[in-house]
1. Scan region 119-134 and give yes if some residue there is among the β-branched types (Val, Ile, Thr), under 21 Å from the mean Cα position of the chain (by Cα) and exposed (fewer than 14 other Cβ atoms within 10 Å of the Cβ), otherwise no.
2. Go through (1) at pLDDT below 85; (2) open to solvent by 90 Å² or more (accessible area, probe 1.4 Å) and name the single condition Pro14 misses.
3. Quick check, is Gln204 closer than 21 Å to Ile255 by Cβ, at pLDDT 90 or above and open to solvent by 50 Å² or more (accessible area, probe 1.4 Å)?
4. Residue check, Ile110 against (1) of a type in the set (A, V, I, L, M, F, W, C); (2) open to solvent by less than 60 Å² (accessible area, probe 1.4 Å); (3) free of Cβ contacts under 8 Å to residues at least 24 places away in the same chain, all met but one. Which one?
5. From the list Val108, Val70, exactly one residue is within 25 Å of Gly153 (Cα to Cα), among the aliphatic types (A, V, I, L, M) and in contact with a Phe, Trp or Tyr (Cβ under 9 Å, 6 or more places away or on another chain). Which is it?
6. Name the residues in region 89-103 that are of a type in the set (Gly, Ala, Ser) and open to solvent by 30 Å² or more (accessible area, probe 1.4 Å), would you?
7. What do you reckon, is Ile93 of a type in the set (Val, Ile, Thr), closer than 24 Å to Tyr166 by Cβ, touching a Ser or Thr at 6+ places or on another chain (Cβ under 7 Å) and modelled with pLDDT of 90 or more?
Amino acid sequence: MCFLFISKMSVYGPVVKIHPVVLASIADSYERRNEGASRVIGTLLGTVDKHSVEVTNCFSVPHNESEDEVAVDMEFAKNMYDLHKRVSPSEVIVGWYATGFEITEHSVLIHEYYSREATNPIHLTMDCALQSNKMNIRAYVSAPMGVPGKTVGVMFTPLSVKYKYYNTEKIGTELLQRTRDAPNATSGLTSDLCQVGRAAGRVQDMLTTVLTYIEDVLSGKQAADNSVGRYLMDLVNKVPQISAEDFETMLNSNINDLLMVTYLSNLTQAQIALNEKIVIL
């Protein structure tokens with residue numbers, strides 16, 4: 001199962017789906033950049049289909065940049081991509097990234113290199129310095145512009161960006177969100193039972209919000225929205241027809257199974273630890 005969150009709508013082009021591990025890797029490479037470096041660049045890996053580009057991995061590429069010139073270690077980028085292909089053959093080069101919020105003249109030169117490595121590559125920018133008090137993430141695709149036979153330029157068109165994550169990535173993302181208000185605090189993984197309790201609490205809060213909206217509409221405090229009504233009707237139709245007693249019996253049975261699995265897991269761990277101590281003696 002995967003989840004999608006829309007960030008910005010595009011003018012034209014494919015939808016860019018970015019996984020959290022990519023954003024974390026870019027932020028990490030920025031924090032580990034060489035002294036004096038203003039930004040870092042790297043290669044984006046993923047898959048491409050007819051209507052979207054999914055970015056699932058990336059790696060940084062060493063480069064030197066000044067006002068007059070830019071030098072990129074192309075050999076390093078090639079070797080890293082060859083190593084990645086051994087681990088994930090399905091991942092191909094889909095573009096490149098750079099930290100910052102603007103596209104420079106050097107970005108055009110770097111984009112020309114990646115245009116030889118991939119068809120219509122994307123360019124991702126990520127403001128790790130928080131210059132606008134938030135981490136702006138934007139994606140672009142290039143298109144030639146100019147008069148035929150004359151000087152030809154390049155125009156970067158913004159794309160729609162979505163954040164996509166799998167269940168395993170979702171757990172890590174939620175764990176990081178717990179410490180956003182207290183950066184120095186530590187937080188560990190919770191048990192399965194606690195996660196079930198939190199999920200049930202979130203569902204209860206959402207149901208309370210829906211009931212409040214319905215009551216306000218019926219009482220005339222809020223105007224009715226037809227689109228919301230259609231969503232609610234679709235939600236009601238998806239709820240299985242089951243009595244409260246049968247639902248409670250099914251829920252208790254599943255909870256008992258979960259508790260039994262947890263108990264057996266703890267018992268197995270205790271037996272393994274005891275066996276290790278006996279072997280040492």
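The values are calculated or read from the model by the stated rules, or taken from the named source; none is laboratory data. Since the structure is predicted, the reported quantities are computational estimates derived from the model, not experimental observations. Here the Cβ positions follow ideal geometry from the backbone for every residue, glycine too, while neighbour counts run over all protein chains shown. Surface areas here come from the heavy atoms of the whole protein model, side chains and all, with no ligands, DNA or RNA. Shrake-Rupley method; radii C 1.70, N 1.55, O 1.52, S 1.80 Å.
1. Checked region 119-134: no residue is among the β-branched types (Val, Ile, Thr), under 21 Å from the mean Cα position of the chain (by Cα) and exposed (fewer than 14 other Cβ atoms within 10 Å of the Cβ).
2. If we test Pro14 against (1) at pLDDT below 85; (2) open to solvent by 90 Å² or more (accessible area, probe 1.4 Å), just (2) comes out false.
3. Criteria met by Gln204.
4. Tallying (1) of a type in the set (A, V, I, L, M, F, W, C); (2) open to solvent by less than 60 Å² (accessible area, probe 1.4 Å); (3) free of Cβ contacts under 8 Å to residues at least 24 places away in the same chain, Ile110 fails exactly one: (3).
5. Numbers: Val70 fails: in contact with a Phe, Trp or Tyr (Cβ under 9 Å, 6 or more places away or on another chain).
So the residue among Val108, Val70 that is within 25 Å of Gly153 (Cα to Cα), among the aliphatic types (A, V, I, L, M) and in contact with a Phe, Trp or Tyr (Cβ under 9 Å, 6 or more places away or on another chain) is Val108.
6. Passing the criteria: only Ser90.
7. In short, yes.
Yes/no matrix, rows are residues, columns are (1) open to solvent by less than 100 Å² (accessible area, probe 1.4 Å); (2) within 34 Å of the chain's Cα centre (by Cα):
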| residue | (1), (2) |
| --- | --- |
| Ile214 | yes, yes |
| Ala223 | yes, no |
| Gln271 | no, no |
| Leu281 | no, no |
